[in-house]
Structures are given as C-alpha cells and as structure tokens.
Amino acid sequence: MKKAFLLCLSCFSLVILAQSNVSNVLSVDIQNDRISEKNPMVKVVKCEITGDKTGEVSRNEKFYLKFTVQNIGDCSAKDVSVNLNIPEGIIRTGGDYLTQTFPVLYPNEKKIFDYELISTDEVDRSVRLEVAISERYGKYSENHPMLLTFIESDVDINIPKNYRTNKNMFAVIIANENYRTLAPVPYALNDGSVFRDYCLKTLGIPSNQVHYVPDATLVPIKDEIKWLQDVCHTHDSVQIIFYYAGHGIPDENTNEAYLIPVDGKGANIVTCYSLNKLYSTLSATKAANITYFLDACFTGANREGSMLVAARGVAREAKKQMLRGSTIVFAAASQDETAMAYKEKTHGMFTYFLLKKLQNTKGDVNAFCRC
C-alpha cells in the first residue's frame, strides 16, 4: 500500500538565492502568493554647485561641484563606475578625478565627490553637465543631468555689432585676477573677456589685432608692449588701446605707480611694471593716438579696500604720471582712491560703466570725451 504525503506550503516562506556572483535576491512568499525582487540602486542623492566668491557662477570664474552618490537599494552594487561628463569649455582645475570606480557599493553606502572647475569665455550661457553612473548589470543605476546657467550682467549681452572694420586699431588687454602671493581681483577675468568682445564686435577691431592675456606674468606683459612697438613700426596711423584690470601699487620710495603681474610681489617693485615706463615706451612710437583704460588703483589697496601689503597699513597716494603725445587715460581711481568691484554686475565698477557707455553709444569712443 502506497503512503501518501501532504506537504503544507502555507506554513513557511521559501527564499531562493540566485548564483553567488549575482547581487539580486529573489524572495518568494508562497503563503501570500507574492514575489518581490531586491536590487541595488546607485544614484546621486545630493548635488550642489557654488561660485568662487559670491556663491553665484560666472564665466571665467572658478566654481565648485559637490555631489553624493549612494546605493539606496537593498543589495550590494558591484563594479560601480561614476563619471562626471563636462562639456567643451569647462575645465577641471582641482578635486577628484572625472572617472572613479568602486568594486562594490554596499546598501546605503555613500561616496562624496568634490570638483573645482572653471569655464572659458567661449562657453554657452547654459551648459549641461552629467554624472553618469553604471554598475555590473547596467540597469541598477541612474544618471544625473545638471543644467548650469552662468549669471550675466546687462553689459555682457546685447553687445552692439559694428560692421565696419577698424584696421588701424590694435588692442592689448591684460586681465589679472588670480595672483600667486596677493589677494585675487574679483571679476578681473570677466572684465577683460567682455571688454575683448566689445573690441571685436563694437569697435570692429580685427581678431588678430586684439591680444587678450588673462592672468599675465611679467614676461607676457613685456612681450605685449613690444608687440605694440613693432606694430607702430610697421603700420601707419596706428590707434592703440591698452586695457588693464588687476592690482596696482606705488613704490614706497618714489610713489611711482606700477602694474602688478600675477607673479609679482607688492613688497618687491622689481617684479612689477612701471606705469610711467609704459606711457613713455608707447609715446615714443609713431602711434596716431593711444587710449588707456586702467581698472586698477595705485594706492596699495585692492577692490575690497584691504591693503595688498599688510605692513604698509595705510593707502599711499601714487605719483602723477607725465603724458606725451596724443594720449588719453581713463582710470578707475585717482592717485588717492580705490578701484572697487561691482558685485551685482560681476565686474569692476570702472569696467562695468565703461562697457555700459560702449553699449549705449554703440562704440562711439569720442563719447567718453563728452562725459
């Protein structure tokens, strides 16, 4: 006689584990006739982008990206790769590597990523960045796209277009923001970059006749002045524009004003470039006229009003410079004043109103003389 056996499945749950190299866990609840699958899930759970100075992000300014990746699933994620995809015009200057891999990311485990980035002036106003995440099976992760929009001043947009070419005009633009031993000059790179746009578009200067040098050391400054000398030697009726945004300082002994390269030291005037030498060098050429735009002060103070050389303690009045020939100087400050930043417009105060005048007059440089 055959015996019959009855196995009651209603009294327990059966858990089936997949192969050991698979992180999924399949749970079968027979009593409730329910099947649930436990998986990993790797995604960005927190992300923030901040500017270098004001918290807002501007072109040509450093900014910081920080995000947290977490496995919010129930199982370990294996062979995890995290890639920060940045578009052309965005450059990584510090922080973590753009691509990082992890053999395993346990449930609830987090990884924090920090990046220092900077944009070039060619980048669009809005750019897309993305954190691309993958794991072994290619289906238990989520990418995280980000749209970054740079703030713009009203003078950074709607730049007037001059369809006439000023073939006799040559411009040198020095924009010094990131000093090696001195405090930075807020927005100087943005000042120089946008002024270059006005030179090209509004003043109609050919692109090969506009030299823009960001964060210039002493040697490139000398090279650009030599270039202007050579231009005047080989061309007739040359009109020169020399623009400078950065630190200036007076000699403690003579009070003579100096431009400070980014590798210059305020306490060592030999590392700087004499403003009087600049004037005399270019005045000695056969240039038809020379226009200087100086968004700097020469009292020894910076755009925030602090002293560049702490031991000096007080601002000094720079010595007046002698000009010769057809020369005009537009300066942010007189000998005993300080050039200030215009935080709301992300420019130096002087450069903002210079650009505003160029914008309103559509490049009528003579309008400055009527102010």
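The values are calculated or read from the model by the stated rules, or taken from the named source; none is laboratory data. All of these numbers come straight from a predicted model, not from anything done at the bench. Here the Cβ is made from the backbone with ideal geometry for all residues, glycine too, and neighbour counts use every protein chain on show.
Checking Lys343 against (1) at pLDDT 60 or above; (2) crowded, with 18+ Cβ neighbours inside 10 Å, only one condition comes out false. Which one?
In the conditions (1) at pLDDT 60 or above; (2) crowded, with 18+ Cβ neighbours inside 10 Å, Lys343 misses (2) alone.
Working only within segment 35-57, note down all residues that are in contact (Cβ under 8 Å) with a residue 40 or more places away in the chain, among the basic types (Lys, Arg) and within 30 Å of Thr120 (Cβ to Cβ).
Within segment 35-57, the subset in contact (Cβ under 8 Å) with a residue 40 or more places away in the chain is 39-45, 47, 49, 53-54, 56-57.
Checking which are among the basic types (Lys, Arg) leaves us with 43, 53.
Residue satisfying the conditions is Lys53 alone.
Answer yes or no as to whether Ile221 is assigned to a helix (DSSP H, G or I), touching a residue at least 12 places away in the same chain (Cβ under 8 Å) and under 18 Å from Phe293 (Cα atoms).
Values: assigned to a helix (DSSP H, G or I): yes; touching a residue at least 12 places away in the same chain (Cβ under 8 Å): yes; under 18 Å from Phe293 (Cα atoms): yes.
Yes: the conditions hold for Ile221.
Mind listing just one residue for me: the one in segment 147-158 that is β-branched (Val, Ile, Thr) and assigned to a loop (DSSP other than H, G, I, E, B) and, of those, surrounded by the fewest Cβ atoms within 10 Å (Cβ to Cβ)? Reasoning before the result, please.
So the first thing to find is which residues in segment 147-158 are β-branched (Val, Ile, Thr), and the list is 149, 151, 155, 157.
Of the ones still in play, those that are also assigned to a loop (DSSP other than H, G, I, E, B) are 151, 155, 157.
Numbers: Ile151: 16, Val155: 24, Ile157: 10.
Step by step, filter segment 147-158, then rank; the result is Ile157.
Go through the residues of segment 58-71 one by one and say whether even a single one is without any contact (Cβ under 8 Å) to a residue 60 or more places away in the chain and either not assigned by TED's automatic domain parsing to the domain that holds Ile118 or not in a strand (DSSP E or B) (or both).
no
Asp121 is checked against (1) modelled with pLDDT of 90 or more; (2) of a type outside the set (Val, Ile, Thr); (3) touching a helix residue (DSSP H, G or I) at 6+ places or on another chain (Cβ under 9 Å) and fails just one. What number does that condition carry?
Only one criterion in (1) modelled with pLDDT of 90 or more; (2) of a type outside the set (Val, Ile, Thr); (3) touching a helix residue (DSSP H, G or I) at 6+ places or on another chain (Cβ under 9 Å) is unmet by Asp121, namely (1).
Which residue out of Tyr187, Tyr243, Tyr258 is at pLDDT below 95 and closer than 17 Å to Leu323 by Cα? First the steps, then the outcome.
Details: Tyr187 fails: closer than 17 Å to Leu323 by Cα; Tyr243 fails: at pLDDT below 95.
Exactly one of Tyr187, Tyr243, Tyr258 is at pLDDT below 95 and closer than 17 Å to Leu323 by Cα, namely Tyr258.
So which residues in segment 162-200 are surrounded by fewer than 22 Cβ atoms within 10 Å (Cβ to Cβ), in a helix (DSSP H, G or I) and hydrophobic (A, V, I, L, M, F, W, C)?
Leu200
Which of the residues spanning segment 129-146 are free of Cβ contacts under 8 Å to residues at least 40 places away in the same chain and part of a strand (DSSP E or B)?
Selection gives Pro145 alone.
Scanning for something in contact (Cβ under 8 Å) with a residue 12 or more places away in the chain and closer than 28 Å to Glu48 by Cβ, does segment 197-213 turn up at least one residue?
Taking segment 197-213 as the starting set, the residues that turn out to be in contact (Cβ under 8 Å) with a residue 12 or more places away in the chain are 197-199, 201-206, 209-213.
Pick out the ones that are also closer than 28 Å to Glu48 by Cβ and you get none.
No; the residues of segment 197-213 include none that is in contact (Cβ under 8 Å) with a residue 12 or more places away in the chain and closer than 28 Å to Glu48 by Cβ.
What number goes with the only condition from (1) at positive phi; (2) surrounded by fewer than 16 Cβ atoms within 10 Å (Cβ to Cβ) that Gly204 does not pass?
(2)
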